[in-house]
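Presented below is the structure to which this report refers.
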Amino acid sequence: MTGDHRPNLPRLALHVPEPKFRPGDAVDFADVTVPAAGAQPRPDPAAAADRFHDLAYTLVRVLDEAGQAVGPWNPRLDPDMLRRMLRHMAMVRAFDERMFRAQRQGKTSFYMKCTGEEAIAVAGTMALDRDDMTFPSYRQQGILIARDYPLVEMMNQIYSNRGDKLQGKQLPIMYSAKDHGFFSISGNLTTQYPQAVGWAMASASKGDTRIAATWCGEGSTAEGDFHSALTFATVYRAPVIFNVVNNQWAISSFSGFAGAEATTFAARAIGYGIAGLRVDGNDALAVYAATAWAAERARLNAGPTLIEHFTYRAEGHSTSDDPSQYRSAGEPTAWPLGDPVARLKAHLVTIGEWDDDRHAGMDREVAEQVRAAQKAAEANGILGHGLHQPLDTLFDGVFEEMPWHLREQQAQMMAEEQASGRPWARKEV
Amino acid sequence: MTGDHRPNLPRLALHVPEPKFRPGDAVDFADVTVPAAGAQPRPDPAAAADRFHDLAYTLVRVLDEAGQAVGPWNPRLDPDMLRRMLRHMAMVRAFDERMFRAQRQGKTSFYMKCTGEEAIAVAGTMALDRDDMTFPSYRQQGILIARDYPLVEMMNQIYSNRGDKLQGKQLPIMYSAKDHGFFSISGNLTTQYPQAVGWAMASASKGDTRIAATWCGEGSTAEGDFHSALTFATVYRAPVIFNVVNNQWAISSFSGFAGAEATTFAARAIGYGIAGLRVDGNDALAVYAATAWAAERARLNAGPTLIEHFTYRAEGHSTSDDPSQYRSAGEPTAWPLGDPVARLKAHLVTIGEWDDDRHAGMDREVAEQVRAAQKAAEANGILGHGLHQPLDTLFDGVFEEMPWHLREQQAQMMAEEQASGRPWARKEV
Amino acid sequence: MARMNMIQAINSAMDVMMARDAGVIVMGEDVGYFGGVFRATAGLQSKYGKTRVFDTPITECGIIGVAVGMGAYGLRPVPEIQFADYIYPALDQLVSEAARLRYRSGGEFIAPITVRSPFGGGIFGGQTHSQSPEGIFTHVSGIKTVIPSTPYDAKGLLIAAIEDNDPVLFFEPKRIYNGPFDGNWDKPAQNWSKHAGGEVPEDYYRIELGKAKVVREGGDLTILAYGTMVHVVTATVEAAGVDAEILDLRTLVPLDIDAIEASVRKTGRCMIVHEATRTGGFGAELSALVQERCFHHLEAPVERVTGFDTPYPHSLEWAYFPGPVRIGQALKKIMQD
Amino acid sequence: MARMNMIQAINSAMDVMMARDAGVIVMGEDVGYFGGVFRATAGLQSKYGKTRVFDTPITECGIIGVAVGMGAYGLRPVPEIQFADYIYPALDQLVSEAARLRYRSGGEFIAPITVRSPFGGGIFGGQTHSQSPEGIFTHVSGIKTVIPSTPYDAKGLLIAAIEDNDPVLFFEPKRIYNGPFDGNWDKPAQNWSKHAGGEVPEDYYRIELGKAKVVREGGDLTILAYGTMVHVVTATVEAAGVDAEILDLRTLVPLDIDAIEASVRKTGRCMIVHEATRTGGFGAELSALVQERCFHHLEAPVERVTGFDTPYPHSLEWAYFPGPVRIGQALKKIMQD
Ligand SMILES: Cc1ncc(C[n+]2csc(CCOP(=O)(O)OP(=O)(O)O)c2C)c(N)n1
Ligand SMILES: Cc1ncc(C[n+]2csc(CCOP(=O)(O)OP(=O)(O)O)c2C)c(N)n1
Ligand SMILES: [Mg+2]
Ligand SMILES: [Mg+2]
């Protein structure tokens, strides 16, 4: 190790990013530029990608401060649709609250909320066709809820109980729901990105009409899979939508460690010559509009779109995380783009299609549905209390047919179970 | 496999890139835009990267059609320097010719030429300081030649002979030359990219003054390592220069399979918010100027630069390749950016610092040097004819110290050698 | 019956399967117009079109990731990794995704992909064109690993692999693409024309995965091998005049344990030969299994003959390669024990 | 002497080495300000500054590639991979680069990096927070693999690993970060305060790589284990009243073959225990080595006790885990054979 330094040359220095606020700091987001709603042009969905680079550096916004939907990106959704959207978002939030608490009560091992980010998965999904395929990360429970996947099925998976169709094989929230167009979630970040491209390429190569959409966090964009996916997508003009959920934190690391100090994540698209949009992720209508635009683009064989959803992770990364250790407690409230549920509600109220009473009523209904689902799910068991899957299911699905070595191991396990005096029973509820 | 298709939606189609010309096709490069030399602005090396996006979409050019060096990028090199540059480039070409022939004569297993791309490594290296570190791909033999690495050392490596300081362990041309600031070449594409960033980060973290430069082909930009490298570099503003040698072919695949149909490779830089330049790679002065600019930028702690060198792979990928199988034989001659050696020569002649006689004389000298080096190298042996390394060197360098299992295997090998009646001797020259 | 070398047989397997199943897709670096650096996919693009046979960007991670997505859609992709030495960037997609998908999704999604990749040395390819990484994959649950040793087997096994609903790694011993190799690198090369394994039906047939083949019956000892080593072992045994029973494993996972046990119980001795580095190679697993299951039948230690625990060298390639001398020495030792 | 748990001991090792050698750099996802998701790097950034201890982008490929480049410059990087399950994207940089660099450059460049990574299960982490991939790396020539089983060993071995001039994979058994674990998941958790291995000097000391430790002397059989399994084995043996000799291998490559041979020759029986999946795991190599070198001393087949060849399940974690019942059954079997 030399550290040599030639006196006629300046010394080099290593820049290590640092977030603006740490625990104890007062928070001031004044430097976050929030462009006016309605001010962003909406290009033709088939326009060449180099015609609207600016859209990668601004924020597409529809809901203005007065609660009106304005500008060319206004998707002009009918009030029923807006109310459904609001309800789905409220449901996501209620579900998160309840399951977070269930984990804290020791009923399962793990949970992840998406508080503050509900608009992204919910509105994005509603802008897709029901048979379009989604390749989510772990923070898009909103897709399942927007597609009316039974809450109790989600909870069964979270509890790894008898009702869990994944047979307790996966960590909580790593859902899979093929009949709801929801790909099996991986614990390994960003692997779903090239898979979504492959699915979209397959669809295109078959002359199908279905497109694919995928999501990852801003931190996850650093993985090589992200690059492989975007490269394949630009080469074959795959009908796929890449969503980057920029909630500004990746566990304890702020977005500067994924490159946010130098440019936006939507700008990555420019590097590949594909469409890039940067969207106010807490504006459900902007998310809807951008997704609908990208879907149309994909269906026109005009290629992929990358959408950066600028948002804020209002809570911890997961139940294993304590954000007060590394960021200021003031951030979630000071965050200038507000709360997506409150904003959509305000819009509906403003246009005369909603009021506080109806909202409170909806909240009660949603809470009741979640509570009922929880009760039904818990009747199927909770993690760690008893044996919910027949032991031998441990060997199902490694291969389509079980080879001899797995059959032997399975038999060995059953013999152990006999010899052990069935310790599973000891914790039976 | 469904291939479902909803009649109200357009059918999707998979776009698969296709190069313009295949074997037998007449070649016309009219659609390749060649901007005028001297027309590209030269930003301040410390300027913010978003101030000169245009430079990622044009070609920085210095040598005009008349052989003059023009415009703000003219590095104004003195004639001695230009002659040295020319000689290095001529040397690379002569070396390539000779070693290609040696492989065809069965003297070694493999060789790779860089014909038509000589300016990139030679001029680039001359614009760096001698103690800056280079992380090349397999096509930058010009770095070693520009740094006066002994030709006979290169050839010893190519022949895997007694003189090969890599002990015959590496495929021909996979040089390593630490004292010439040349990192060990890997057979695995693009792995050197994050390594260069790591070296540069180390240098910066130590307050050193040395920077790093790395090279890969346009095809290799698709690897995940490329993305990891650019992400790290933008995050820590690493003092590193990324060179992408866009010679338009990756073995049999044209650059469209790396994304060239949609945008330039220099544009990748924009996606990361770092400086991007697109350069006429057959214009030695443009290559020099761009590299010098990027080096200055790095030394000012203003961060990394990605330089796309637009060029053409005039010959086969390697001695294992036959390009007439997949591209038109007319391409190399029709290619509009000309021959880098001829262009630099014309410039020197134009400014009155060179003439045909001196050029012919130089060519003779260079050829003589290569011939002499070859003779000296072959005196150390050629591949496949005899045992050039003591057999037990096979086990050197797996670890710093040899553990018991390697010592045992080494002894086993020596016993085999005894038992075998020394078959190595059979082919002794 | 036609005469084919191994490249042609592999090509024929893909051709047959593409004709039978519109879901079969061939993709990889240089596999399209050019037909692959070893020509294994030659002619397929012009026959089946660019949307079913195409070149890809140079990202092995992307190639496998995209193939997994295509498999989830319902296609049956046959991606090529140009050299097995370049499979590592794809490891996460293979191990964490392809191999886990059926399990983690409760069977909702599968990855019926067949990853073809030339492997092994003996062609002066140096350390990055010679590796035998099968031992990494045999340790990963959820992946099958197949290695043929003749054109006939290559075609039948590749067809079975493509039809299989689980991810299969199909490693092709490139040293024997053109002909069987007896390990004597300084003797003239052979081709497949005179080898029975070079007779290959033009049409569809399959060889069940998980079944070993008895290449030579014998009573003195059992030799387990696969790929190139089958031929090196056979030639060495003949030369040494040892009455060995030689098993060509053909599929490493799932393994044909019955064939192995039956043979070792009969002979009482077992030798394992592979080209991969020794420590933790598949030979270790074979050795462990044999002694676990045939302990009381063994008259001598199970012997491993392997490549050394070094990178694959360039100039000293034949010192590294487990050739006739190494195998011969081991034969002597095991028969004396 | 202080009392430390394994996290504290690991932290102390890095602290000591950063103070002694300005070239030591700590990097990885969340290791900087926050100090790591398991807090192993807590306090290091505030002590040594952001240019020596920093968070990284989430790209394991980049983390290792950058570390290799830093090593080539002359630093001694200690990158963390947050969970061993996430090491696969870095495999090419580890296998083709770090492990090959010294060899392929004729010793000009080296990769003196120490890759720390928590591994193993038993924490309800599901299939992507529980894996034991050491068997992939022990097959790769040019990499050392180290696995501690106590805080004392963790510190001494980590210091030796950081000082080593070759790439070292340092797998940390996360199940025993806070205390030894006897395998009885339904009994109260232990901590290190009452275990001798929890006494750890505050200062510099090193434990040579490649040396096993005799955890328990005995005459009936030899048990080879590492990491968490050392404690499970010890507890099971005590409970069963078997006079086993237990070897904690500590370093898998290079292996302490002398200690293994000496013990097996003495006891005549050998059992191997690891949590990783069985087929092709490091246990296979150990089994092969033992029977090759101690064949005539063996009174029973070498027995492997391992995880099953499935992904690591979530709810049935304790059915997968090679706990006291599985080990106990195997003990009975081997002593009867
Ligand atoms: C390959 C891989 N590396 C590391 C991890 C550990 N990990 C899980 S989530 C996470 C942070 C991801 O942050 P981001 O992408 O921003 O998504 P967010 O959680 O904010 O939605 C990390 C590092 C992982 N799961 N997989
Ligand atoms: C990881 C990896 N994948 C594939 C290869 C095989 N390969 C060697 S060179 C090459 C083409 C590279 O093309 P490009 O990057 O354009 O560089 P060029 O040869 O044109 O200089 C390929 C596919 C490899 N060496 N490493
Ligand atoms: Mg995030
Ligand atoms: Mg190229």
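Since every read-out is calculated from the coordinates, none of them should be taken as a lab result. As the structure is a computational prediction, the values presented were derived from the model and not from experiment. Positions of Cβ are generated from backbone atoms using ideal geometry, with glycine treated the same way; all protein chains shown enter the neighbour counts.
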Quick one: among C:51, C:145, C:306, which has the greatest mean-square fluctuation in a GNM of chain C with alpha-carbon springs under 10 angstrom?
C:51
Quick check on region C:200-337: take the gyration tensor over C-alpha atoms, sort the square-rooted eigenvalues as a ≥ b ≥ c, and tell me if it's rounded (a/c under 1.5), prolate or oblate.
rounded
The answer for GluC sites (Glu not before Pro) in region D:272-337 that fall in a DSSP coil and have at most 16 neighbouring Cβ atoms within 10 Å is D:299
Net charge (Lys, Arg +1; Asp, Glu -1) of residues whose beta-carbon lies under 12 Å from that of residue C:54, residue C:54 excluded, is -3
Considering only chain D, percent of DSSP beta bridges that pair antiparallel, nearest 5:
20
Starting from the Cα of residue B:353, step 7 Å along the direction of its Cβ; do the same at residue A:375; then give the gap between the two resulting points in nm.
9.0
Using just the helices of chain A, give the 222 nm mean residue ellipticity in deg cm²/dmol: DSSP H runs with n ≥ 4 each add -39,500 (n - 2.57), and the total is spread over all residues, rounded to 500.
-11000 deg cm²/dmol
Can you give me the C-alpha center-to-center distance between region D:42-56 and region B:292-354, rounded to a whole angstrom?
43
Under the classification rounded if a/c is under 1.5, otherwise prolate if a/b is larger than b/c and oblate if not, where does the protein assembly as shown fall, given a ≥ b ≥ c as square roots of the Cα gyration tensor eigenvalues?
rounded
Per residue of A:413-419, count partner chain C-beta atoms within 10 Å of its C-beta, then hand back the mean as an integer.
4
Mind pulling the angle between the C-alpha long axis of helix C:324-336 and the longest principal axis of chain C? Nearest 10 degrees, somewhere in 0 to 90.
50
Cα long-axis angle, helix C:60-73 against chain C (0 to 90 degrees, to the nearest 10):
70
Quick check: Cα centre of region B:11-90 to Cα centre of region C:168-241, how many Å?
53
Of the residues A:402, A:174, A:85, which exhibits the maximal mean-square fluctuation in a Gaussian network model of chain A defined by a 10 Å Cα contact cut-off?
A:402
Out of the GluC sites (Glu not before Pro) in region C:136-209, which ones are loop residues according to DSSP with at most 13 other C-beta atoms within 10 Å?
C:202, C:208
Return the subset of B:206/D:50; D:187/D:332; C:47/C:174; C:50/C:155; C:187/C:333; A:113/A:178 for which the Cα-Cα distance in this structure is over 18 Å, preserving the input order.
D:187/D:332; C:47/C:174; C:50/C:155; C:187/C:333; A:113/A:178
Dipole magnitude of region D:1-103 about its Cα centre, charges +1 at Lys/Arg Cβ and -1 at Asp/Glu Cβ only, in debye to the nearest 20?
460
Run lengths n ≥ 4 of DSSP H only: what is the helix-derived mean residue ellipticity at 222 nm for chain D, with -39500 (n - 2.57) per run over all residues, to the nearest 500?
-9500 deg cm²/dmol
Got the residue D:189 label distances to the other copies yet, label 7 Å along Cα→Cβ, in nm, shortest first?
6.1
Percent antiparallel among DSSP beta bridges confined to the protein assembly as shown, rounded to 5, stands at 15
Here the whole-number average of other chain Cβ atoms within 10 Å per Cβ of C:42-51 is 2
Environment charge of residue B:184, counting only residues whose C-beta is closer than 11 Å and scoring Lys/Arg +1, Asp/Glu -1
+3
Residue-averaged beta-carbon neighbours from other chains (10 angstrom radius) around B:271-283
3
Considering only chain B, percent of DSSP beta bridges that pair antiparallel, nearest 5
15
Ratio of region D:1-99's C-alpha Rg to 2.2 N^0.38 Å, to two decimals?
1.05
Region B:85-234 shape via C-alpha gyration tensor axes, a/c threshold 1.5:
prolate
What residue among B:159, B:272, B:288 shows peak mean-square fluctuation when chain B is described by a Gaussian network model with Cα springs under 10 Å?
B:272
Hey, which of these cross-link pairs are over 18 Å Cα-Cα: B:345/B:375; B:169/B:375; B:107/B:169?
B:345/B:375; B:169/B:375
Other copies of residue C:335: label-to-label distances in nm, shortest first, labels 7 Å along the beta-carbon direction
4.4
In degrees, nearest 10, the alpha-carbon axis of helix D:6-20 is tilted away from the dominant principal axis of the alpha carbons of chain D by 40
Which chymotrypsin sites (Phe, Trp or Tyr not before Pro) does region C:1-82 hold that lie in a coil by DSSP with at most 14 other beta carbons within 10 Å?
none
With the label set 7 Å along Cα→Cβ, residue C:243 is separated from its counterparts in the other copies, in nm and shortest first, by 4.6
